[in-house]
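Worksheet for the structure shown next.
The values are calculated or read from the model by the stated rules, or taken from the named source; none is laboratory data. Note that this is a predicted model, so its numbers are computed, not measured. Here the Cβ positions follow ideal geometry from the backbone for every residue, glycine too, while neighbour counts run over all protein chains shown. Surface accessibility is based on the protein's heavy atoms, side chains included, excluding ligands, DNA and RNA. Shrake-Rupley method; radii C 1.70, N 1.55, O 1.52, S 1.80 Å.
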Amino acid sequence: MVGNRMGSGLRRGVLGLILGIGLAVPAMAQDQVKVGLLRIGNPIVIGIEKGFFKEHGVDVEAVYVRSGAEQIPALSTGTVDAVLTSATAALFNAMVAGIDMTIAGDYISLLPDNPSNALIVRSDLADSGEVKSAADLKGRTVGITAMGVYTHQAAVRILEDAGLSVDDVRLVTMPYPDMVAALSNGAIDAANMTEPFVTIAMENGTGKMLVDHSQVMPNLELGVTLLGKRLAKEDKDLGIRFMKGLVQSMRYMRGMLTDPARKDEIATLMQRDLPSKDPEMYKRMAWPLTAEGQKVNVASLVDQMEFYTRMGLVKGTPDVQAFVDPSFLEAVDAN
């Protein structure tokens with residue numbers, strides 16, 4: 001009897017151990033991926049908060065940098081494994097230099113009727129009728145963030161569409177937050193801005209929208225997802241799993257285009273990472289979003305490369321297509 005009781009107890013113990021192991025198996029090991037980011041609203045935040053990356057065994061660490069100029073050097077040295085970055089002159093010069101990097105997908109595109117970027121003019125100039133269109137900016141001061149970046153490109157293209165050249169205005173460089181103050185005190189007459197600063201300037205009475213960038217440059221490939229050597233070549237499986245989580249995050253954000261409740265949720269999640277004095281503003285502004293399918297608009301990238309070359313900011317003619325690898329998105333959509 002004692003032997004039977006001992007045998008029965010042993011069987012129950014073994015069974016419990018097996019069940020315990022079985023319950024623990026589904027917990028997937030997490031591989032860390034470091035992503036270089038600017039401190040602006042982006043889908044990485046959504047993916048982390050919603051657990052999308054963890055579903056694919058990826059633990060994302062957001063590594064915030066001070067400017068876009070730091071992103072590609074950090075990628076090339078392996079300090080970060082991926083970056084979400086703008087299509088700037090620096091990106092194309094990195095291609096010319098042969099930096100080992102791979103464009104795996106879209107990051108931000110100018111979606112029609114989603115005014116996340118705009119040329120804002122001082123309210124007093126708009127109200128008085130002195131500035132009714134971009135053509136009226138001749139002889140005036142226009143703010144951009146830096147030469148060789150998107151706001152520079154937008155300024156030049158908008159002026160050219162209005163029959164002006166960049167020589168007809170005075171371009172001044174400053175960070176986005178400073179643009180709002182500069183418009184308010186009259187230091188500048190207009191500025192090319194992104195959200196949330198577009199909404200801030202308009203709601204506090206500082207400025208009014210003169211040009212919605214998405215109307216004059218629809219579907220422009222504003223930013224791309226860049227993978228370094230580790231994710232693109234050394235451990236492509238990890239790169240694919242990272243892209244699965246990222247694309248899931250991007251598509252979740254795009255849901256706000258048709259679902260107001262989704263936009264409210266995104267605003268709440270972003271508030272944890274980018275606290276605003278007015279959290280409700282995140283529900284009113286237009287969030288930068290990806291193109292449907294997250295596919296790279298190579299023609300747009302080539303057009304921008306040619307623009308920066310014309311401006312004398314890109315030295316060489318890189319083969320942009322050679323840096324684009326569609327297989328990551330194909331793997332995402334295959335499942």
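Taken together, L111, L164 contain a single residue that is open to solvent by 10 Å² or more (accessible area, probe 1.4 Å), within 30 Å of A331 (Cα to Cα) and in contact (Cβ under 8 Å) with a residue 12 or more places away in the chain, which is L111. Here is a check on your reading of the model: is Y176 of a type in the set (F, W, Y), crowded, with 21+ Cβ neighbours inside 10 Å and modelled with pLDDT under 95? No; evaluated as a whole, the condition is false for this residue. A count restricted to the range 227-262 and to residues that are modelled with pLDDT of 95 or more, outside any helix (DSSP H, G or I) and over 15 Å from S327 (Cβ atoms) stands at 1. Within the option set M270, M243, M285, being in contact with a strand residue (DSSP E or B) (Cβ under 8 Å, 6 or more places away or on another chain), within 26 Å of P112 (Cβ to Cβ) and among the aliphatic types (A, V, I, L, M) holds for one residue only, M243. Scanning the range 192-232 for residues that are farther than 30 Å from D124 by Cα and open to solvent by less than 20 Å² (accessible area, probe 1.4 Å) returns L220, E221, L222, G223, V224, T225, L226, L227, G228, L231, A232. Note on the range 51-62: residues that are farther than 17 Å from V83 by Cβ, part of a helix (DSSP H, G or I) and touching an Asp or Glu at 6+ places or on another chain (Cβ under 9 Å) total 0. Taking the range 65-80 as the range and being of a type outside the set (S, T, Y) and either out of contact with any Lys or Arg (no Cβ under 8 Å at 6 or more places or on another chain) or open to solvent by less than 20 Å² (accessible area, probe 1.4 Å) (or both) as the test, the residues that pass are V65, R66, G68, A69, E70, Q71, I72, P73, A74, L75, V80. Going by what's in this entry, would A74 be described as small (G, A, S) and under 9 Å from G36 (Cβ atoms)? Against the criterion (small (G, A, S) and under 9 Å from G36 (Cβ atoms)), A74 qualifies.
For A62, the conditions (1) within 22 Å of Q215 (Cβ to Cβ); (2) open to solvent by 10 Å² or more (accessible area, probe 1.4 Å); (3) of a type in the set (A, V, I, L, M) all hold with the exception of (1).
Being of a type in the set (S, T, Y), closer than 24 Å to L38 by Cβ and touching a helix residue (DSSP H, G or I) at 6+ places or on another chain (Cβ under 6 Å) is the requirement here; does T194 meet it? Considered against the rule, which asks whether it is of a type in the set (S, T, Y), closer than 24 Å to L38 by Cβ and touching a helix residue (DSSP H, G or I) at 6+ places or on another chain (Cβ under 6 Å), T194 comes out as no.
For the range 281-308, enumerate the residues that are of a type outside the set (A, V, I, L, M, F, W, C), assigned to a loop (DSSP other than H, G, I, E, B) and closer than 17 Å to Q321 by Cα. Answer for the range 281-308, where residues must be of a type outside the set (A, V, I, L, M, F, W, C), assigned to a loop (DSSP other than H, G, I, E, B) and closer than 17 Å to Q321 by Cα: K295, N297. The condition (being within 25 Å of I158 (Cβ to Cβ) and open to solvent by 30 Å² or more (accessible area, probe 1.4 Å)) is satisfied by just one residue among E306, E330: E306.
For the range 263-280, the candidate set comprises residues that are within 19 Å of the chain's Cα centre (by Cα) and open to solvent by 50 Å² or more (accessible area, probe 1.4 Å); within that set, the residue that is modelled with the highest pLDDT is E265. Pick from the range 233-251 the residues that are more than 15 Å from Y107 (Cβ to Cβ) and not charged (D, E, K, R): which of them is surrounded by the most Cβ atoms within 10 Å (Cβ to Cβ)? Once the filter is applied, the top-ranked residue is G239.
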